[in-house]
Every structure is written in structure tokens, then in C-alpha cells.
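**Student:** Right, I'll just put the structure down here and ask away after.
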Amino acid sequence: MVIDPSDKAAALAARLPGLPMVGDVLELYATDVFYQAPHKPIAVFRPASEDDVQRLVREAGASGVGLYSRGGGLSYSAGYLPARPDCALVDLSGLDRILELNVQDRYVTVEAGVTWSALRDALRPHGLTTPFWGTFSGRNATVGASVSQGAKFFGSASRGTSAESVLGLRVVTGTGELIQTGSAADANSVPFFRNYGPDLTGLFLGDCGAFGIKTAVTLQLIPMAKGEAFVSFSFDDPAAQMGAMAQIGAELLASECLGMDPFSAQSRMQSEGLLADLKTMGQIVRGASSLSSGLRDATLIALHGRRFARKVGYLMNTIVEGSEQREAERRARRVRAIARAAGGREIPASIPRVMRAVPFPPMSGLLTPSGKRMAWLHTVVPNSRGGECFTRTEAVFQRDAEALKALGISHGYLLSTHGPSGVGVETLIRWSDAPLPIHLHFMSEAQRAALKPRADNPAARDKLKELTRTILAEWRQMGGVHMQIGRKYPYMETRQPAVRELLGQLKAQFDPADIMSPQNLFTHDP
């Protein structure tokens, strides 16, 4: 068969026999949760092995084709969307094996496409977990993408982000070379230790794929908690709530501590009605440490259910763990004392119980219950600036309230603890707009059929970009940092000149042809 030399996708595929490629129906891969790609990918390649990745990288480099790696596709910072023509996506979902689970030496090595949900299921029978164990999107989100982008939530209130759980990596650089970091770089050792000499692992964490494609990740293992307690408080003053969350993190009291505005709390409890409630009840009973505690938790939710969320202000939802139940309860008492001192009032802890029972819900809720689009924007600031960060962020919305209202733009917040030093503010912005293919992809046919039609709304999106720039400027003044940098958050421009030069040298070393996630990390275009 004669191949048109101008068809770079077909030419590249011909040089990679046996490597699956998708060359049509690419609309799904041209969007993330917020952005549409400036350039549609020419193809999607689905390697099934590390060797496939190396072959793909070498041939792509020779063909002048850029490569963006993609996990579950649920990011919102343009991290896998081509920024220039002639780029392909590398769908790593086929690298989904758990390579080694070493109970005695307390580490697990997984291929990059393993989801957090699959890993959780594999570790549970051994009574083990990773310190950080996933995001809300963990049913689809992969380990490789999470450490590439940077991720937070489950475990983050006391055990850090995804990066803090990594012991070592296997990375294919832009030359096709394979690099092993951590102690396993010595052929006589195993990946049990991260810091032997300079921390080379850290170079590839949070790089958004700019330095290479992760093919395998080794994570630390720790005992899974045997005791759990759940605490929820309502606050009229969200700035005071940020102070309480900061103190909870500073004392390392919680595994998860999440704040929500009233609308987000209600949305969290709405899901899909009675059927979803009944499924949740069953999972709470099955997931509890004992049948009696599971029945107790399910009964509490049945009694208080979703109705309570309509009667509260800002919520603080906390999950406390312990090596035994008494330790969890002792920590929970301290959490309650901190919350009360900050002006909070205790309410039924339905949301954190559901969060623990169903940590990885289906991703059919990428739109609001009424079908509006949502956009997220986050920062992490020092504990001492959490209240100020919330107040200054809210002031941006209030200064522009009339224009936002005219465009049908509303907002809420997700607040988080990053113990022991930081707290997070994440804006949740809602507006009427046509859904993107990825929003519909995770819905059932019934959900898609019930979706209210919404017109394309470029005026609202333009306003969101302006709003994003203003909020990011406020956060930069407070020394805020970000995960999921992609091309959304300012990184290079915030670095010292010597650091920028060093990063450029590293890029040239690892990726001399500039084919690895071009412009990621190095370009800011919110």
C-alpha cells in the first residue's frame, strides 16, 4: 500500500507494526474537561508495553511528530492537548499491570496506566495502602498521569500529594532512552528507597510529560488504618473555617479534610437519586471495619441523608484515621475542639462517610445536575494565608459580580488541607455552555438523553479566561503554588532566572527534538 508522505499519522503507524492506533473519531481526544485543543491530534497510539513506548518515541522523533501522554483524560489544564500541528496522543491505559507488590519491603510497582481504584482493590486484601491513594476521579485517573501532573486528595491532609508517595520511576525520554530513578537504578538493588544521592525522581514529578513518558511508578506502602471517625462542621465564616482546616493539617489529625460551599455540598449529595443511595448504603456496610459499624453508618446517612445539606453554610468534612478505633476517636475529639473554637457547629457527617464508602464515583458528574459546564482553578498557600486567600479570591468575584451575573456565571469553592504546612483554595465556576465530547463520554445513554440542550457560549468562556488571569495574579502575590500545571498555571515566569536556565537545559538534554508534550510546563496560556 502506497502511503501519502504528507499523512504523518499513517506514515508513523506504518513504521510501528503491531502498535494500535486510532486515526478517526478524534474529537474526544481534542478536549479535556475545560479546554479544546488548538490543534486536533493526528492520531492516538495505544502502547501495550514499555518497549512499545520506546519504539513510538524513537519513530516520532525521526518523523517530527510531537507526543502528549494521556491517562484518564480528566485534567483541566490542557496538559495533553496539542499546542502545535502534527502531534499525536499516547494513551497509556494499556499499561495496566501491577508489576510487583512487595509486602515485606513495603513498595508496589505499577505500570503507568493502572488506575487508583484498581490499585486500591489490589492492596486492600493485604491491609496496605499508599500514603496518597488517589483523586475523586480515581476510577479513571491513572497513577502515571497523577504523578506527572501532580495530584491531591485522598491522604493529602496528613501525607502529602501524589509526589510524596513515589519511590522511583521508569521514564522514556525524548530520545527513546529508558531512565530508572531511585535505588533500583542499581541493577543489584530494588526500588525500595528514593533518595540515594540527588533526587532524580523529583525531576520527573509534576513535569506534565515535558521531560518524558512515565512507564512505571513505584509507590511506598503503609498499613491501612484499622480505625476511622467522621466529623462534619458548618461555618458561617469560611475564612475562619480555613484557619480550622490549617490547624487540623498542622497537627496531622486527618487523612482527608475537605471544605465545600453550600451549593457544592448539595450537588455532592444529589447524584442519581434513591438507586444511588441504596448502592452507597451497601458499600458503606461492606467497607466498614465491622458489620455493626457499617450498619450504624448507613443508618445515620439514611436518617440525615441529603436534606441536611440544604440547611448549612460552608461545610468542613473530615475523615480521621487511627491504627485502632480509640486513636481515631481521640483525633476526632481534637478536630471537634478546633472546629468549635473557630466558630463551627457540628452537623451529621454524611458526606465524609459517603466519601470513604465510595471514594471513586463514576465521572458522570462533570456537569452540574442541571447540565451546566464547570471549571476549576486551584492554589495551595501557607497555613497562615488560607483565610486571606479565600477572602481575596472572593473579592475578585464580588468586584465583577454584575458582569458575571449578566453572563450567567456563578461560583463556589472546594477547600482542602495539605498538612502540615498548607491549605488549598479551589474555585468551582459554573456557566451555561455546550458540553464538550469528554463530558458526554462518561455519561450513560439515559443521562445524555435527559441533558438539557445548551448553546455554545464563547462570551462566557472569554470572561472566564479574563477572570482566571485576575485570580492567578492575586494568588501569585500570596506565593500560591499549583498542581496540574500543564499550560494553565504560571510556572516558568515565576522561577528565578538561573532556575529557568537550568530547566531549559534539562529539556534540551531529555528532549532535544522537543517532541515530549511540547510547551507544557514552559508556556502559560490560561
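**Student:** Just name the residue that is nearest to residue 192 (Cα to Cα) out of those in region 85-135 that are without any contact (Cβ under 8 Å) to a residue 40 or more places away in the chain and of a type in the set (Gly, Ala, Ser).
**Tutor:** The selected residue is 122.
**Student:** Limited to region 455-469, what total is found for residues that are surrounded by 16 or more Cβ atoms within 10 Å (Cβ to Cβ) and under 23 Å from the mean Cα position of the chain (by Cα)? Spell out the reasoning first.
**Tutor:** If we filter region 455-469 for residues that are surrounded by 16 or more Cβ atoms within 10 Å (Cβ to Cβ), which is where we start, we get 457, 460-461, 463-464, 467-468.
Within this subset, residues satisfying the condition of being under 23 Å from the mean Cα position of the chain (by Cα) are 461, 464, 467-468.
Qualifying residue count for the region: 4.
**Student:** Quick check on my filter: what residues within region 443-473 are within 25 Å of residue 415 (Cβ to Cβ) and either in contact with a Cys (Cβ under 8 Å, 6 or more places away or on another chain) or part of a loop (DSSP other than H, G, I, E, B) (or both)?
**Tutor:** Of everything in region 443-473, nothing turns out to be within 25 Å of residue 415 (Cβ to Cβ) and either in contact with a Cys (Cβ under 8 Å, 6 or more places away or on another chain) or part of a loop (DSSP other than H, G, I, E, B) (or both).
**Student:** If you don't mind, another one. Pull up region 124-148, narrow it to residues that are in contact with a Ser or Thr (Cβ under 6 Å, 6 or more places away or on another chain) and not in a loop (DSSP other than H, G, I, E, B), then point me to the one that is surrounded by the fewest Cβ atoms within 10 Å (Cβ to Cβ). Lay out the reasoning, then the answer.
**Tutor:** Let us first name the residues in region 124-148 that are in contact with a Ser or Thr (Cβ under 6 Å, 6 or more places away or on another chain), namely 130-132, 138-139, 141-142, 146-147.
Remaining after also requiring not in a loop (DSSP other than H, G, I, E, B): 142, 146-147.
Working: 142: 32, 146: 32, 147: 26.
That would be 147.
**Student:** Tally the residues that are surrounded by fewer than 24 Cβ atoms within 10 Å (Cβ to Cβ), under 20 Å from residue 210 (Cα atoms), touching a helix residue (DSSP H, G or I) at 6+ places or on another chain (Cβ under 8 Å) and of a type outside the set (Gly, Ala, Ser), restricting the search to region 153-176.
**Tutor:** Qualifying residue count, region 153-176: 2.
**Student:** Considering only residues that are over 15 Å from residue 69 (Cβ atoms) and either crowded, with 21+ Cβ neighbours inside 10 Å or among the polar types (S, T, N, Q) (or both), which ones fall in region 99-113? Break it down into steps so the answer makes sense when it comes.
**Tutor:** Pass one, region 99-113, residues over 15 Å from residue 69 (Cβ atoms): 99-110.
Within region 99-113, 102, 104, 107, 108, 109, 110 qualify.
**Student:** Would you point out which residue out of 77, 93 is under 30 Å from residue 433 (Cα atoms) and not in a loop (DSSP other than H, G, I, E, B)? Reasoning before the result, please.
**Tutor:** Details: 77 fails: not in a loop (DSSP other than H, G, I, E, B).
Testing whether each residue is under 30 Å from residue 433 (Cα atoms) and not in a loop (DSSP other than H, G, I, E, B) leaves just 93.
**Student:** Looking at 462, 456, 511, which one is acidic (Asp, Glu) and within 24 Å of residue 365 (Cβ to Cβ)?
**Tutor:** On the way: 462 fails: within 24 Å of residue 365 (Cβ to Cβ); 511 fails: within 24 Å of residue 365 (Cβ to Cβ).
Unique residue meeting the criteria: 456.
**Student:** To continue, here is another question. Mind telling me which of the residues 86, 96 ends up being at positive phi, out of contact with any Pro (no Cβ under 8 Å at 6 or more places or on another chain), open to solvent by 10 Å² or more (accessible area, probe 1.4 Å) and of a type in the set (Asp, Glu)? Spell out the reasoning first.
**Tutor:** Details: 96 fails: at positive phi.
Criteria check complete, one pass: 86.
**Student:** Evaluate region 60-69: report whether one residue or more is over 20 Å from residue 175 (Cα atoms), touching a strand residue (DSSP E or B) at 6+ places or on another chain (Cβ under 6 Å) and not in a loop (DSSP other than H, G, I, E, B). Reasoning before the result, please.
**Tutor:** Step one: of region 60-69, the residues over 20 Å from residue 175 (Cα atoms) are none.
Among the residues of region 60-69, not one is over 20 Å from residue 175 (Cα atoms), touching a strand residue (DSSP E or B) at 6+ places or on another chain (Cβ under 6 Å) and not in a loop (DSSP other than H, G, I, E, B), which makes the answer no.
**Student:** If we keep just the residues of region 442-454 that are touching a residue at least 40 places away in the same chain (Cβ under 8 Å) and out of contact with any Leu (no Cβ under 8 Å at 6 or more places or on another chain), which is surrounded by the fewest Cβ atoms within 10 Å (Cβ to Cβ)? So that I can check it myself, show each step before the final result.
**Tutor:** Quick first cut of region 442-454, residues touching a residue at least 40 places away in the same chain (Cβ under 8 Å) only: 442-444, 447, 451-452, 454.
After this cut, where a residue has to be out of contact with any Leu (no Cβ under 8 Å at 6 or more places or on another chain) as well, the list is 444, 447, 452, 454.
On the way: 444: 11, 447: 16, 452: 9, 454: 16.
Ranking the qualifying residues of region 442-454, first place goes to 452.
**Student:** State which residue pairs qualify: first residue exposed (fewer than 15 other Cβ atoms within 10 Å of the Cβ) and part of a loop (DSSP other than H, G, I, E, B) and inside region 501-520, second residue of a type in the set (Val, Ile, Thr) and modelled with pLDDT of 95 or more in any location, beta carbons under 7 Å apart, and separation of 6 or more residues or different chains.
**Tutor:** Listed by first residue and then by second, the contacts come to 512/175.
**Student:** Need at least 3 residues that are crowded, with 21+ Cβ neighbours inside 10 Å per element, so show me which strands (runs of 3 or more DSSP E) inside region 338-438 make the cut, counting only ones lying wholly within it. Even if it seems obvious, please write down each step before you answer.
**Tutor:** Numbers: elements: 345-347, 373-382, 410-418, 422-431.
Passing ranges, in order: 373-382, 410-418, 422-431.
**Student:** Out of all the residues in region 190-205, which are open to solvent by less than 40 Å² (accessible area, probe 1.4 Å), without any contact (Cβ under 8 Å) to a residue 60 or more places away in the chain and assigned to a loop (DSSP other than H, G, I, E, B)? Spell out how you get there, then give the answer.
**Tutor:** First pass over region 190-205, keeping only residues open to solvent by less than 40 Å² (accessible area, probe 1.4 Å): 191, 201-202, 204-205.
From the residues that got through so far, the ones that are without any contact (Cβ under 8 Å) to a residue 60 or more places away in the chain too are 201-202, 204-205.
Within region 190-205, 205 is the sole residue that qualifies.
The values are calculated or read from the model by the stated rules, or taken from the named source; none is laboratory data. Bear in mind that the values here come from a model prediction, so they are computed numbers and not experimental data. Quick reminder, even Gly has a Cβ in these numbers, built from the backbone with ideal geometry, and neighbours come from all protein chains shown. Areas reflect the complete protein model, heavy atoms only, side chains present, ligands, DNA and RNA absent. Shrake-Rupley method; radii C 1.70, N 1.55, O 1.52, S 1.80 Å.
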